[in-house]
Amino acid sequence: MKRFVLIIATVALSGVLFTSCGGSGSQPKEEKQAPKEQVKQEQQVTQEDALTANLENGKAVYNKICMACHMTGVAGAAALTDKARWTEIAKKGMKTLHHDAIEGFTGENGVMPARGSCTDCSDQDLYDAVAFMLKEAGVTAE
């Protein structure tokens, strides 16, 4: 019986010691944080600043996914041969175009689905594909 009481007392005392570690026991005040969307956008801008286009990969991604719409302009997509349209698109700048490729875009000509419906394309793949299409259309993003 003494042994049982000793075990219970040891466990109880251990519990008290472990729960008191770390201060007063009250939760620390939450610091004001930026909304998740803002943090995500800031991280994305930083990531986009570091991206460099790999046009060979862009061509492979285009041939795998993008050409389904952008070859001929299906569903309002800008056809690669439509330089005037790509000139207007390029005015948005590469950061915006990359963002639109990732998140999707609804414009006056149609809808670009998120990630171009490519569930296994990385952000880098999409960046490369956008850069490839701009080059093929003969324009440069601002």
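For Met1, work out the one condition from (1) under 30 Å from Leu126 (Cα atoms); (2) surrounded by fewer than 12 Cβ atoms within 10 Å (Cβ to Cβ); (3) of a type outside the set (Asp, Glu); (4) at pLDDT 50 or above it doesn't fulfil.
The number of the failed condition is (1).
Which count do you get for residues in the range 86-133 that are in contact (Cβ under 8 Å) with a residue 60 or more places away in the chain and either part of a loop (DSSP other than H, G, I, E, B) or surrounded by fewer than 17 Cβ atoms within 10 Å (Cβ to Cβ) (or both)?
Going through the range 86-133, the residues in contact (Cβ under 8 Å) with a residue 60 or more places away in the chain turn out to be 121, 123-133.
Still in the list and also either part of a loop (DSSP other than H, G, I, E, B) or surrounded by fewer than 17 Cβ atoms within 10 Å (Cβ to Cβ) (or both): 121, 123.
Number satisfying all stated conditions: 2.
Given the conditions (1) buried (at least 19 other Cβ atoms within 10 Å of the Cβ); (2) free of Cβ contacts under 8 Å to residues at least 40 places away in the same chain, and given that Leu80 satisfies all but one, which numbered condition is not satisfied?
Just one mismatch for Leu80, condition (2).
Under 9 Å between Cβ atoms, which residue pairs at least 6 apart in sequence (or on different chains) link something in the range 61-76 that is more than 12 Å from Gly116 (Cα to Cα) with a partner that is modelled with pLDDT of 95 or more and acidic (Asp, Glu)?
Gly73/Asp82
The values are calculated or read from the model by the stated rules, or taken from the named source; none is laboratory data. No experiment lies behind these values; they were computed from the predicted model shown. Positions of Cβ are backbone-derived with ideal geometry, glycine not excepted, and every protein chain shown enters the neighbour counts.
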